Amino acid sequence: MEEEETVVGLDIGTTKVEAIIAQDLGEGEFDVIGVGTTPSEGLKKGVVVNLEKTVESITKAVRDAELMAGVKPSSVYAGIAGGHIRSLNSRGVIAISEPHKEVTKRDVERVIDAAKAVAIPMDREVLHVLPLEFWVDDQPGIKDPVGMMGVRLEVEVHIVTGAVTSAQNICRSIRRADLRVNDLVLQPLASSYAVLTPDEKKLGVALLDIGGGTTDIAIFYDGCIRHTAVVGWGGENITRDIAIGLRTPLEQAERIKVNFGCALPSIVEPDETIKVPGVGGREPRPVSRRILAQIIEPRVEEIFTLALREMRRSDFADLLAAGVVLTGGASMMEGIAELAEQVFDMPAKVGTPITSGGLIDLVSSPIHATGLGLIKYALQSPKGGRRSHLTNNGFFEKILRIMKGWFKDFF
Ligand SMILES: Nc1ncnc2c1ncn2[C@@H]1O[C@H](COP(=O)(O)OP(=O)(O)OP(=O)(O)O)[C@@H](O)[C@H]1O
Ligand SMILES: [Mg+2]
């Protein structure tokens with residue numbers, strides 16, 4: 001298989017680094033042909049804190065995926081997340097270059113450039129500029145104005161920014177693993193490509209990607225992303241609570257959580273017990289599974305409450321007819337959707353990526369939402385170098401910066 005026919009999604013998470021290689025079948029369709037996952041040790045709360053360890057994890061994950069796929073890719077689409085992510089909405093307006101003539105692609109690029117002209121601090125960089133809605137003259141609610149007639153074009157965009165240093169550390173780790181970065185994609189945006197349907201995005205939905213270190217939030221309404229935020233808590237905090245609450249080592253707490261965890265004590269049979277190993281060779285002892293659920297519930301509730309507070313910062317929290325979709329590894333906990341319904345007071349479900357191909361059983365789990373979403377994002381980007389976004393001029397700046405980085409590494 002030619003390398004051009006493949007796309008690689010690289011999810012550099014707090015608990016695992018995962019590379020997924022897919023074969024491009026055209027028209028947005030793909031087959032997963034390789035998956036490699038290794039534990040991640042170089043990140044804290046979604047941010048690289050140890051470059052060498054991150055490079056090792058990336059190298060191993062990509063090599064495992066390569067062996068399975070039988071192809072050696074040279075570039076990847078990578079996710080980015082962490083508490084440094086900020087987002088804002090901005091507006092731009094231009095005169096259509098030839099009044100009373102058709103709006104051209106060039107006009108659309110110009111108006112988005114105008115909307116991008118907001119003061120962004122030197123230590124932050126633009127990751128995405130996502131158009132929400134266009135106005136041609138006074139006609140609102142236009143998704144694609146190309147070909148329409150008018151004299152004045154306006155746009156509202158959602159701008160996602162991240163700390164320059166965090167983005168650089170991710171790019172640098174990938175380059176050190178001998179790979180090129182095609183694009184850096186906000187993780188919850190990537191996950192949304194894997195688990196949300198167009199209907200949900202149109203009706204209004206909040207996506208919560210509950211990972212190991214962070215819970216990433218993305219709100220969609222009327223088909224567009226409206227708000228993004230990150231809560232610095234995730235599955236690792238639940239594990240730590242269990243280790244303390246049941247006085248057991250962290251590895252055992254993790255195992256107990258994954259195998260027996262439940263976020264809603266009321267759905268656990270009162271007489272169900274589990275064996276909990278003691279610390280420092282102490283005898284295992286039986287513990288009621290309901291007690292385990294009583295340790296988990298408040299932490300998950302806290303994560304949801306913080307997420308709800310973040311959601312209320314946008315104007316869309318009360319308009320989410322499709323409710324909440326949970327994804328990420330920690331969303332596999334029993335009872336989590338029911339607890340989410342109570343806290344958010346709206347319908348909630350666990351979103352599992354929808355995919356096809358021979359390796360479907362390897363990747364159809366919420367834990368792979370970001371990796372698969374990166375591939376879908378890449379395939380839905382317009383052809384021609386798989387640009388990040390038709391109208392995202394920042395992409396070229398990004399590539400230029402990435403290339404400058406290569407040279408810096410040489411000297
Ligand atoms: N069956 C399960 N029940 C509960 N939790 C689970 C289960 N399986 C995995 N987890 C938890 O999911 C978390 C890992 O999820 P995921 O792989 O999505 O995180 P990540 O992408 O590495 O981290 P982040 O997105 O925060 O950077 C871990 O805390 C793990 O304990
Ligand atoms: Mg993740």
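Yes or no, residue by residue, for (1) on the phi < 0 side of the Ramachandran plot; (2) within 24 Å of the chain's Cα centre (by Cα):
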residue: Gly26; (1), (2): no, yes
residue: Phe30; (1), (2): yes, yes
residue: Gly42; (1), (2): yes, yes
residue: Gly92; (1), (2): yes, no
residue: Lys101; (1), (2): yes, no
residue: Asp107; (1), (2): yes, no
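Yes/no matrix, rows are residues, columns are (1) in contact with a Gly (Cβ under 7 Å, 6 or more places away or on another chain); (2) modelled with pLDDT of 70 or more:
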position	(1), (2)
Gly329	yes, yes
Ile336	no, yes
Ala340	no, yes
Ala348	yes, yes
Pro353	no, yes
Leu359	no, yes
Gly373	no, yes
Leu390	no, no
Phe396	no, no
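Identify the residue in segment 313-336 that is outside any loop (DSSP other than H, G, I, E, B) and under 19 Å from the mean Cα position of the chain (by Cα) and, among all such residues, is farthest from ligand 1 (Cβ to nearest atom).
Ranking the qualifying residues of segment 313-336, first place goes to Val324.
To keep it simple, each residue is scored yes or no on (1) in contact with a Pro (Cβ under 6 Å, 6 or more places away or on another chain); (2) away from ligand 2 (no atom under 16 Å from the Cβ).
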position: Lys275; (1), (2): yes, yes
position: Arg282; (1), (2): no, yes
position: Glu338; (1), (2): no, yes
position: Pro366; (1), (2): no, no
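Quick one: which helices (runs of 4 or more DSSP H) sit completely within segment 160-233 and have at least 2 residues that are under 12 Å from the mean Cα position of the chain (by Cα) and either surrounded by fewer than 24 Cβ atoms within 10 Å (Cβ to Cβ) or of a type in the set (Ser, Thr, Tyr) (or both)?
Correct list: 187-195.
Let me confirm something: among Gly329, Gly335, which residue is in the same structural domain as Gly9 (by TED's automatic domain parsing) and touching a Cys at 6+ places or on another chain (Cβ under 6 Å)?
Among Gly329, Gly335, only Gly335 is in the same structural domain as Gly9 (by TED's automatic domain parsing) and touching a Cys at 6+ places or on another chain (Cβ under 6 Å).
Restricting to segment 74-133, count the residues that are polar (S, T, N, Q) and in contact with a Leu (Cβ under 9 Å, 6 or more places away or on another chain).
Final tally of qualifying residues: 4.
Pick out the one residue from Pro73, Pro131 that is more than 16 Å from ligand 2 (Cβ to nearest atom) and either basic (Lys, Arg) or outside the structural domain of Gly212 (by TED's automatic domain parsing) (or both).
Every option except Pro131 fails the conditions.
If I ask for residues that are of a type outside the set (A, V, I, L, M, F, W, C) and buried (at least 16 other Cβ atoms within 10 Å of the Cβ), which ones from segment 257-272 would you list?
The answer is Lys257, Gly261, Pro265.
Quick check on Thr352: is it within 16 Å of ligand 2 (Cβ to nearest atom), part of a loop (DSSP other than H, G, I, E, B) and either touching a strand residue (DSSP E or B) at 6+ places or on another chain (Cβ under 9 Å) or not β-branched (Val, Ile, Thr) (or both)? Talk me through it step by step, then tell me what you get.
Working: within 16 Å of ligand 2 (Cβ to nearest atom): yes; part of a loop (DSSP other than H, G, I, E, B): yes; either touching a strand residue (DSSP E or B) at 6+ places or on another chain (Cβ under 9 Å) or not β-branched (Val, Ile, Thr) (or both): yes.
It is true that Thr352 is within 16 Å of ligand 2 (Cβ to nearest atom), part of a loop (DSSP other than H, G, I, E, B) and either touching a strand residue (DSSP E or B) at 6+ places or on another chain (Cβ under 9 Å) or not β-branched (Val, Ile, Thr) (or both).
Identify the single condition in (1) among the aliphatic types (A, V, I, L, M); (2) under 19 Å from Ser266 (Cα atoms); (3) in the same structural domain as Gly351 (by TED's automatic domain parsing) that Ala317 does not satisfy, given that it satisfies every other one.
(2)
So in segment 16-39, with the set limited to residues that are of a type in the set (S, T, N, Q) and at pLDDT 95 or above, which one is surrounded by the fewest Cβ atoms within 10 Å (Cβ to Cβ)?
Taking segment 16-39 first, the residues of a type in the set (S, T, N, Q) are 23, 37-38.
Applying the additional criterion that residues be at pLDDT 95 or above yields 37-38.
Values: Thr37: 21, Thr38: 18.
Filtering segment 16-39 for residues that are of a type in the set (S, T, N, Q) and at pLDDT 95 or above, the one surrounded by the fewest Cβ atoms within 10 Å (Cβ to Cβ) comes out as Thr38.
The values are calculated or read from the model by the stated rules, or taken from the named source; none is laboratory data. Because the structure is predicted, anything quoted here is derived from the model rather than measured. When we count neighbours, we look across all protein chains shown, and the Cβ atoms used for this are built from the backbone with ideal geometry, even at glycine.
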